[in-house]
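To start, the structure itself, in structure tokens.
Derivation of every value follows stated rules applied to the coordinates shown; laboratory data play no part. These figures come from a predicted structure and were not determined experimentally. Glycine also receives a Cβ, built like all others from the backbone with ideal geometry; neighbour counts cover every protein chain displayed.
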Amino acid sequence: MKDKEKGKLFYSISLAIQMGLIIAIPLTLILFLGVYLDKRFNTLPFLTFLFTILALIFVYFELKILLFPFFKKEKEHDHDIPST
């Protein structure tokens with residue numbers, strides 16, 4: 001395997017791991033926080049639902065920040081390829 005191909009492979013793997021962590025960690029922590037606070041204040045499912053929606057919004061923007069340079073590179077690369 002060439003060095004350039006190895007670099008692309010490792011970049012893809014690291015991107016996948018980062019995406020997984022960006023999705024899993026905030027959603028899990030916020031879900032547990034929402035359930036805890038709902039039990040504490042006796043507001044079950046309100047805070048869990050609210051915090052889950054906020055976590056999804058956070059995850060969306062974090063993924064957008066992470067993936068924006070990748071899609072920008074792909075778009076620039078598409079312009080380099082002449083159409084037939």
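The figures follow:
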{"read-out": "Filter result (under 20 Å from the mean Cα position of the chain (by Cα) and charged (D, E, K, R)) within segment 1-36", "value": "Lys8"}
{"read-out": "Selection within segment 9-20 - surrounded by 11 or more Cβ atoms within 10 Å (Cβ to Cβ) and either small (Gly, Ala, Ser) or free of Cβ contacts under 8 Å to residues at least 24 places away in the same chain (or both)", "value": "Leu9, Tyr11, Ser12"}
{"read-out": "Positions within segment 22-50 being among the β-branched types (Val, Ile, Thr) and outside any helix (DSSP H, G or I), in sequence order", "value": "Thr43"}
{"read-out": "Output for segment 35-66, where each listed residue is acidic (Asp, Glu) and either over 18 Å from Leu15 (Cα atoms) or surrounded by fewer than 13 Cβ atoms within 10 Å (Cβ to Cβ) (or both)", "value": "Asp38"}
